[in-house]
Amino acid sequence: MTNKIDVSKFEKKIEIRNILPTDFQAIIDLQKICFPNMEPWKVEHLESHLSMFPEGQLCVEYDGKIIGSCSSLIVNFDEYDDQHTYDDITDDGYITNHDPEGFNLYGIEVMVHPDYRRMKIGRRLYEARKDLARRLNLKSIIIGGRIPNYYKYATEYTPREYVEQVSIHNIYDPVLTFQILNGFTLKRINKNYLEDDQASMKYATLMEWNNIDYQATSRRQFKTSFPVRITSIQYMMKKINSFEDFAVQCEYYTDVAASYGSDFAVFPEIFTTQLLSFLPEKSPSRAIRRLTEFTEQYIQVFTDLAVKYNINIIGGSHFVEENNKIYNIAYLFRRDGTIEKQYKLHITPNERKYWGISQGDEVKVFDTDCGKISIQICYDVEFPELARIATEKGANIIFTPFCTDERQGYLRVRYCAQARAIENQVYTVISGTVGNLPDVENMDIQYAQSGIFTPSDFSFPRDGIAGECNPNIDTVVVADVDLEILRRHRKSGTVNQLRDRRNDIYRIQYELDK
């Protein structure tokens, strides 16, 4: 009698999956084998790929070994020059130009270990890309393909003639022939595409696979404009007699913002300290503990106002007690009734000295019905790294509630907010307190000139100022900012700070991404 065969000893698992940080060295080693005469990825490139578009980074693992991989990003291909280079389309290999709202999946690399090239690994990766394009409802997949056998025929054929000979199968090219067999069609030939691709003589074939299942959706139709109206509130700090007085004042400003059809109403930093004007406590540290007792009432009032007036509210900031610590927290009250919060990350010496405020530790970006936004409370906007991290996470508008007592402090906030708008090609909004609270320790005088700022280029107001209040009066400023103009500016502005960054010599590492 024959013993039962143990088939498990013959099993070798093959899996297509997303690349993980633990795969980085294996990917780099594979690239050195597949492209020995070309400069491989650096770890920071792969880290950026996962940060920007993890779904587009795929690998094939066979029996515990990485034997193939491919990388991609999403673009609006019509926005790129016909003769773009590899560095243009990949932002020098970092794919920070990845556009989640784009229409095309752009493949930037496929590689298969030479020892496993008879196992249809490349076909598996191409099929995985097609599945990704279908799942994300993208119009097409575009690739800039190498023609690595061209150097053998360069004296005999022009690049166009060589491609034609490969297309009719008179010549075999390991990349182009494979792409044709996988349903890709030729769009054009780009010269000087990849500087160190000597085998292709720096030429590349631009190939496209069309997703016949693509369905146009209203969310992704081309927009001539995407205006967002913002009201920045220059809030008057004056003595009140009850929480109800505070709520009435807040509703008045919200009503004003809503009456102008605003998408956002922005209140200043720690404007809730106005509540201390009717409390008898004079010690700053004890007064702040008393102030935190109003947290639930404050949240309830602004949640109701956001829904009632159909407006997103940046609820300034408020001191909140959590785990026996006091934090300075800015709340986002969406008009659908949902709430988010951003902790202040950098605490001023004054906040530590008088109030014992603790610092937060996370840069957040929030989804809204007007795109992604970030909130950076007062002092935080003076640290350029935070705005860069928020922008890389997709923020188009950075809101800065602030509270400053004199002009120099105000100008630090203003100048930094304007600098952040230029550096990151975003809109910034500052909202401050004015007036005085003579009976509240450490909140006695205020200085502010609230404003809404833009990048500095021809598409925007001449001085980069969409609107600003007159200083030190009880008022608001209302202005429209256009997200479609911003998107176009990032693609074709006079200068392009986001794209022209020298990631090869410097970059920001956000610790929570490690």
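The values are calculated or read from the model by the stated rules, or taken from the named source; none is laboratory data. All of these numbers come straight from a predicted model, not from anything done at the bench. Neighbour counts run over all protein chains shown; Cβ positions are idealised from the backbone, glycine included. With ligands, DNA and RNA removed, areas are computed over all heavy atoms of the protein, side chains included. Shrake-Rupley method; radii C 1.70, N 1.55, O 1.52, S 1.80 Å.
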- Among the residues of region 389-415, write down those that are without any contact (Cβ under 8 Å) to a residue 60 or more places away in the chain and surrounded by fewer than 21 Cβ atoms within 10 Å (Cβ to Cβ). Lys393, Asp405, Glu406, Arg407, Gln408, Gly409, Leu411, Arg412, Tyr415
- Quick one: in region 274-286, of everything that is without any contact (Cβ under 8 Å) to a residue 40 or more places away in the chain and assigned to a helix (DSSP H, G or I), which residue is surrounded by the fewest Cβ atoms within 10 Å (Cβ to Cβ)? Arg286
- Task: Please state which one of Ser431, Ser456 is open to solvent by 60 Å² or more (accessible area, probe 1.4 Å) and either out of contact with any Leu (no Cβ under 7 Å at 6 or more places or on another chain) or not acidic (Asp, Glu) (or both).
- Result: Ser456
- Which condition breaks for Ser200 when tested against (1) assigned to a loop (DSSP other than H, G, I, E, B); (2) open to solvent by 50 Å² or more (accessible area, probe 1.4 Å); (3) in contact (Cβ under 8 Å) with a residue 12 or more places away in the chain; (4) among the hydroxyl-bearing types (Ser, Thr, Tyr)? (2)
- Of all residues making up region 160-197, the number that are closer than 24 Å to Lys130 by Cβ and either open to solvent by less than 80 Å² (accessible area, probe 1.4 Å) or not in a loop (DSSP other than H, G, I, E, B) (or both): 23
- Query: Among the residues of region 131-154 satisfying the criterion of being among the charged types (D, E, K, R) and surrounded by 18 or more Cβ atoms within 10 Å (Cβ to Cβ), which is farthest from Asn211 (Cα to Cα)?
  - Reply: Arg146
- Lone qualifier among Phe264, Phe271 - being under 17 Å from Gly435 (Cα atoms), in contact (Cβ under 8 Å) with a residue 12 or more places away in the chain, out of contact with any Asp or Glu (no Cβ under 9 Å at 6 or more places or on another chain) and buried (at least 18 other Cβ atoms within 10 Å of the Cβ): Phe271
- Query: Would you pick out the residues in region 431-477 that are in contact with a Ser or Thr (Cβ under 9 Å, 6 or more places away or on another chain), closer than 30 Å to Arg290 by Cα and part of a strand (DSSP E or B)?
  - Reply: Ser431, Thr433, Val434, Thr475, Val476
- Quick check: anything in region 183-190 touching a strand residue (DSSP E or B) at 6+ places or on another chain (Cβ under 9 Å) and under 28 Å from Glu15 (Cβ atoms)? yes
- State whether the residues of region 287-300 include one that is crowded, with 24+ Cβ neighbours inside 10 Å and under 24 Å from Asp367 (Cα atoms). no
- Has region 113-128 got any residue that is of a type in the set (D, E, K, R), over 23 Å from Pro36 (Cα atoms) and open to solvent by 20 Å² or more (accessible area, probe 1.4 Å)? yes
- In region 478-514, how many residues are assigned to a helix (DSSP H, G or I) and either modelled with pLDDT of 90 or more or in contact with a Pro (Cβ under 8 Å, 6 or more places away or on another chain) (or both)? 5
- Search result, residues across region 124-159 that are part of a helix (DSSP H, G or I) and either among the β-branched types (Val, Ile, Thr) or without any contact (Cβ under 8 Å) to a residue 60 or more places away in the chain (or both): Tyr126, Glu127, Asp131, Arg135, Tyr150, Tyr151, Lys152, Pro159
- Which condition does Ile313 not pass, out of (1) of a type outside the set (Asp, Glu); (2) in contact with a Leu (Cβ under 8 Å, 6 or more places away or on another chain); (3) at positive phi, if it passes all the others? (3)
- Message: Against the condition of a type in the set (A, V, I, L, M, F, W, C), under 22 Å from Asp99 (Cβ atoms) and open to solvent by 50 Å² or more (accessible area, probe 1.4 Å), how does Ile445 come out, does it pass?
- Response: no
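For every residue, the table says whether it meets (1) assigned to a loop (DSSP other than H, G, I, E, B); (2) open to solvent by 20 Å² or more (accessible area, probe 1.4 Å); (3) modelled with pLDDT of 90 or more.
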| residue | (1), (2), (3) |
| --- | --- |
| Glu44 | no, yes, yes |
| Ser48 | no, no, yes |
| Glu55 | no, yes, yes |
| Cys70 | no, no, yes |
| Ile74 | no, no, yes |
| Asp78 | no, yes, no |
| Leu105 | no, no, yes |
| Val110 | no, yes, yes |
- Note on the structure: All-but-one check, Trp209 against (1) modelled with pLDDT of 90 or more; (2) assigned to a loop (DSSP other than H, G, I, E, B); (3) of a type outside the set (Lys, Arg); (4) open to solvent by less than 60 Å² (accessible area, probe 1.4 Å), failing number (2)
- Message: Just to verify a result, which residue in region 81-103, among those that are of a type outside the set (Asp, Glu), open to solvent by 20 Å² or more (accessible area, probe 1.4 Å) and closer than 22 Å to Asp196 by Cβ, is farthest from the chain's Cα centre (by Cα)?
- Response: Gln83
- Task: Test Arg420 against the stated conditions and say whether it is under 17 Å from Asn350 (Cα atoms), without any contact (Cβ under 8 Å) to a residue 60 or more places away in the chain and assigned to a helix (DSSP H, G or I).
- Result: no
- Looking only at residues in region 309-355 that are in contact (Cβ under 8 Å) with a residue 40 or more places away in the chain and among the small types (Gly, Ala, Ser), which one is nearest to Glu441 (Cα to Cα)? Ser317
- Note on the structure: Per the list (1) in contact with a His (Cβ under 8 Å, 6 or more places away or on another chain); (2) touching a residue at least 40 places away in the same chain (Cβ under 8 Å), residue check on Thr295 breaks on (2)
